[in-house]
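A.B. asks: Attaching a single structure in structure tokens format; questions to follow.
The values are calculated or read from the model by the stated rules, or taken from the named source; none is laboratory data. Quick caveat, the model's predicted, so the values are computed rather than measured. No Cβ is skipped: glycine too gets one built from the backbone with ideal geometry, and neighbour counts run over all protein chains shown. For the accessible areas, the whole protein counts, side chains as well, though only heavy atoms, and no ligand, DNA or RNA atoms are used. Shrake-Rupley method; radii C 1.70, N 1.55, O 1.52, S 1.80 Å.
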Amino acid sequence: MATGRRKTNRAKKEETNWQERVIQIRRVSKVVKGGKKLSFRAIVVVGNERGQVGVGVGKASDVIGAVKKGVADGKKHLIDIPITKSNSIPHPIDGVGGGAKVMMRPAAPGTGVIAGGAVRTVLELAGVRNVLAKQLGSNNPLNNARAAVNALSTLRTFAEVAEDRGIAIEKLYI
């Protein structure tokens, strides 16, 4: 009996390192033969603050069900992010999601996360602590979150670039 408890505790510990933040809950309706059918759409960001983050969307007839579906969708769409020693991103990057554009620039230690809305949530749950970001073109939280994830997914480290070019890292700086 004690072994069963230990297994559940380990499973809980593995699950608890993921953080979830709800960006938006919106009531949506569908017109059907008998009238309008109401449901809820939840946009959720899931991250472990150690370089993994995902954005998920869930729809259900109740808010709790929509958030659970959004968390499950976010875990399906996780991406890995390279983070520097100063808890920043390796280089400037732009991302696009729908009509939204997001610009991100690395920042010095102690700067903090200077970003707004959904982009701030994505960066914080990814584990980035020092970054400058700007949303352009859209105020839609879902498109801005997807643009942020798009930008973060295209980040590359100096070691990856050197390996792709087939040269030593020291020769990159020349």
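A.B. asks: Tell me the per residue accessible area of region 42-112 using a 1.4 Å probe; a whole number in Å² is fine.
C.D. replies: Using a 1.4 Å probe on heavy atoms only, each residue of region 42-112 averages 47 Å².
A.B. asks: Of all beta bridges DSSP finds with both residues in the chain, what is the antiparallel percent, to the nearest 5? If you can, show how the numbers build up before the last one.
C.D. replies: Values: 34 of 36 bridges.
Antiparallel bridges: around 95 percent, rounded to the nearest 5.
A.B. asks: Between region 15-64 and region 84-109, what is the C-alpha centre distance in whole Å?
C.D. replies: Region 15-64 and region 84-109 have Cα centres spaced 25 Å from each other.
A.B. asks: Explain nothing, just the number: dipole magnitude of the chain about its Cα centre with +1 on each Lys and Arg Cβ and -1 on each Asp and Glu Cβ, in debye rounded to the nearest 20.
C.D. replies: Result for the chain is approximately 1040 debye, rounded to the nearest 20.
A.B. asks: What distance in nm separates the two pseudo spin-label positions at N87 and E163, each 7 Å out from Cα along the beta-carbon direction?
C.D. replies: Going from the N87 label point to the E163 one covers 2.7 nm.
A.B. asks: Moving to a separate point now. Answer with a single label: of (i) 33, 18, 13; (ii) 33, 24, 14; (iii) 36, 18, 15, which was calculated as semi-axes √(5λ) of the Cα gyration tensor in Å from the structure in view?
C.D. replies: Answer label, from the structure shown: (ii).
A.B. asks: Follow-up question, since we're still on this one. From the cross-link list K30/K59; K75/K134; K85/K171, which pairs have alpha carbons spaced over 23 Å apart?
C.D. replies: K75/K134
A.B. asks: Right, something else. Which residue, G65, N87, T111, has the largest displacement toward the positive end of the dipole of region 64-117 when charges sit on each Cβ (Lys, Arg +1; Asp, Glu -1)?
C.D. replies: Toward the positive end, the furthest listed residue is G65.
A.B. asks: So for the chain, averaging the separation of alpha carbon pairs under 8 Å that are six or more residues apart and normalising by length, what relative contact order in percent results?
C.D. replies: Contact order relative to length: 18 percent.
A.B. asks: Provide the packing ranking of 86-93, 167-174, i.e. peptides ordered by the mean count of other C-beta atoms within 10 Å per residue, highest first.
C.D. replies: Listed from highest to lowest mean packing, they are 86-93, 167-174.
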